[in-house]
Each structure stands twice: as C-alpha cells, then as structure tokens.
Amino acid sequence: MNKSLLISALLLFSASAFAKIDFPEQAMVTTVSDGMLVNGKKVKAWTFSAQLSSTDIAAYYTQLWQGRSDKFDDQTLSGWRIINALIDDTLYTAKIPEFNAEDNLTYVSSMQEPDSELLKLDRALENFPKPLGTYVVTDVKAKDGVKLSNTLLMRNSLSIAENLNFYDSYFKKYGWDIETSAYTQDQQSGVFMARKGPENINITFDRERQYSIITAVRVDVQL
C-alpha cells in the first residue's frame with residue numbers, strides 16, 4: 001500500500017450493507033485500500049483523476065448520494081470540498097480539490113462495521129505498547145499478503161527522551177533487537193527502530209508545543 005495515499009485517505013475520516021462506490025465515467029481509479037480497519041471501522045478507499053471540474057465531480061456525488069441518504073453533508077474545508085452521505089449504515093465520503101490541477105486527485109471512501117476477517121486482524125495486532133497518558137488519534141490496521149501492519153498516530157505530554165526511554169526499555173525487555181534509538185540535540189524529534197525475526201517496529205517522534213506527536217508503524221509477518 002502506498003504510504004502517502006494511505007495518509008491522505010486518513011484525512012477523509014473526521015457501519016451493514018456491502019459498500020458500493022461509483023465513479024464518473026471518465027475517471028482513472030486507483031485503489032488505496034480494499035479493506036482496512038480505521039479506529040475500529042472497515043474502510044475502503046480510492047483515488048481518481050478525471051477531466052472534470054470540481055463542481056462537476058461534486059454534482060455527480062450529490063446526485064448519486066443525496067436522495068438515498070439518511071444524513072447528507074456538503075462543506076468546504078482548507079481547499080477541499082467534502083461530501084459525506086450515510087446510506088444503509090455505511091458512510092460514504094468524497095474529498096474533492098477545490099482548485100483543479102492536472103495532478104489533483106479526488107479521494108473517495110466508504111466506512112462500515114468490520115467483517116470477521118478484520119476482527120481477526122484487530123485481535124492479531126492489538127495491545128501496541130503506549131506510555132501512560134497517551135491518546136490515540138488514529139489507529140489503522142491492514143493486511144497485504146502475509147504482512148499485517150498497524151499504523152498509529154498518538155499524542156502525549158512526555159518529552160521525546162521519555163518516550164524513547166519507554167520504547168527502548170519495553171522492546172529490550174521482550175527480546176527485540178534495537179536498531180536505532182536516538183533524538184536530535186534540541187530534543188524536538190526522535191526515531192526508534194526495532195526488529196524481532198521478520199517483525200519490525202518504526203516509530204518517529206515530533207515535539208509540537210507541549211505535546212509529543214508519535215507515529216508508530218508495526219509490521220508483522222504471517223509465516
């Protein structure tokens with residue numbers, strides 16, 4: 001899965017019919033995910049480009065969704081037009097760039113309750129270690145072949161050094177090989193990497209005002 005597309009798709013999300021997404025006839029569609037677990041919900045996500053104006057794309061999804069929606073919302077936020085529609089317990093979202101450019105992409109997603117396979121994935125990747133007082137902003141779990149991945153965006157009030165010490169101590173305790181555990185001289189950012197057999201952890205830390213922002217990626221391999 002393309003990491004930059006995944007991050008962009010996460011910005012859409014701010015459950016049990018089969019989600020069906022339609023695209024404009026001219027659209028060139030790329031699948032970001034055909035089923036990942038985002039904060040406990042099953043999410044499918046796509047991007048597409050089309051020789052259509054933002055207004056035309058918005059009109060397409062308004063006509064497609066509004067009449068069938070239990071709830072419908074159309075708003076503009078930070079240069080994007082975002083359309084949300086709740087249809088048969090599935091939330092559909094289209095995120096459309098306001099100003100068209102040749103490489104601009106529209107993001108489309110569906111969100112619903114997880115199926116049995118995603119519940120298994122959730123159990124397989126549960127209980128990622130977190131320092132006391134850590135708030136989880138986004139929790140994404142996905143499967144790609146034999147690889148299971150968990151991407152967490154977290155926040156706490158601990159310093160970068162305190163966070164690094166927590167993860168260094170935790171993974172050493174459980175027999176992981178620490179490849180990198182370091183922070184910058186001004187202690188405004190840091191990185192932690194560890195490996196145990198085919199499994200690996202990659203964590204980055206950034207200081208923003210009184211908080212540490214933590215992005216953790218765990219990859220497990222089913223042999």
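Local charge for L152 was computed over the other residues whose Cβ lies under 11 Å away, with Lys and Arg +1 and Asp and Glu -1, and equals +3. For the stretch 150-223, the Kirkwood estimate of the hydrodynamic radius, built from every pair of different alpha carbons, is 12.5 Å. Model label points for R209 and A59, set 7 angstrom from Cα along the Cα-to-Cβ axis, are 4.2 nm apart. Amide hydrogen proximity for E98: with H placed 1.01 Å from N in the peptide plane, the residues at 5 or more positions away or on another chain lying under 5 Å are W80, R81. For the stretch 22-65, dividing the convex hull volume of the Cα atoms by the residue count gives 88 Å³ per residue.
The heavy atoms of D122 present about 50 square angstrom of accessible area, all protein chains included, probe 1.4 Å. Applying 1/(1 + (r/R0)^6) with R0 = 41 Å to the Cβ-Cβ distance of S49 and K172 gives a FRET efficiency near 0.30. Each of E117 and F99 was given a label point 7 Å from its Cα along the Cα-to-Cβ line. The distance between the two points is 4.1 nm. If I take R0 = 35 Å and measure r between the Cβ atoms of Q222 and L77 in this structure, what FRET efficiency does the formula 1/(1 + (r/R0)^6) give, to the nearest 0.05? Calculated transfer efficiency: 0.35. Divide the volume of the convex hull around the Cα atoms of the stretch 50-104 by the residue count and you get 76 Å³ per residue. Other residues lying with their Cβ under 11 Å from the Cβ of F205 contribute a combined charge of -1, Lys and Arg counting +1, Asp and Glu -1. Please report the base-10 log of the normalised intensity I(q)/I(0) for the chain, using a Debye sum with one equal scatterer per alpha carbon and no solvent, at each q in 0.17, 0.18 (1/Å). Debye intensities relative to I(0), on a log10 scale: -1.17, -1.24. With each label modelled as a point 7 angstrom along the Cα→C-beta vector, the D88-A161 pair spans 5.8 nm.
Neighbours of L77 by Cβ distance under 13 Å: Lys/Arg scored +1, Asp/Glu scored -1, total -1. Here is the tail figure for the stretch 182-223: Cα pairs spaced more than 15 Å apart come to 48 percent of all pairs. Taking all protein chains together, T47, T55 sort by accessible area into T55, T47, largest first [probe 1.4 Å]. Per residue, the chain reaches -6000 deg cm²/dmol at 222 nm when only DSSP H runs of four or more residues are counted, each adding -39500 (n - 2.57). Based on alpha carbons, the Rg and Dmax found for the stretch 84-172 are 18.1, 50 Å.
The values are calculated or read from the model by the stated rules, or taken from the named source; none is laboratory data. As the structure is a computational prediction, the values presented were derived from the model and not from experiment. When we count neighbours, we look across all protein chains shown, and the Cβ atoms used for this are built from the backbone with ideal geometry, even at glycine. Accessible surface is based on the protein model in full, side chains and every heavy atom, while ligands, DNA and RNA are left aside. Shrake-Rupley method; radii C 1.70, N 1.55, O 1.52, S 1.80 Å.
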